[in-house]
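To keep things clear, I will list the structure first and then write my remarks on it.
Please treat every number below as a calculation from the coordinates, not as lab data. What you see is a predicted model, and the numbers here were worked out from it, not measured in a lab. No Cβ is skipped: glycine too gets one built from the backbone with ideal geometry, and neighbour counts run over all protein chains shown.
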Amino acid sequence: MLAILSASTFNCFKEEFMVSGILQSLLEIVNDSKQQGSLYIRELCFNIIGNLCDDCRDNQKILRRLNGIETIRDNITLM
């Protein structure tokens, strides 16, 4: 997760990550809030999603299509 977090800040990797379907996996991890001790991993997922969508309209559109905004909103209130 830390390697993905570091790579997600580079524009050249943003589109490659999204093509690979990583966003869906990250949202699934965020949704799995019932696991004890998952706060750190969920926090990493929030940061990666933020990096992938920063200044990238295509990634923002994909996030909206996957209902990612609602997922993030709902899970931030649980933290």
Task: Distance in nm between pseudo-label sites at Ser38 and Ile69 (7 Å out along the Cβ direction from Cα) - done: 2.4
Task: segment 1-56: C-alpha gyration tensor shape, a/c 1.5 cut-off, then a/b vs b/c - done: prolate
Task: Mean Cα-pair separation over length for the chain, i.e. relative contact order, pairs under 8 Å, 6 or more apart, % - done: 38
TODO: Give a residue-ordered list of calculated ³J(HN,Hα) values for segment 6-17 (Karplus: 6.51 cos²θ - 1.76 cosθ + 1.60, θ = phi - 60°; whole Hz; x for Gly, Pro).
DONE: 5, 6, 5, 7, 8, 4, 5, 8, 4, 5, 5, 5
Task: Residue order, fewest to most beta carbons within 10 Å, for Thr77, Thr9, Thr71 - done: Thr77, Thr9, Thr71
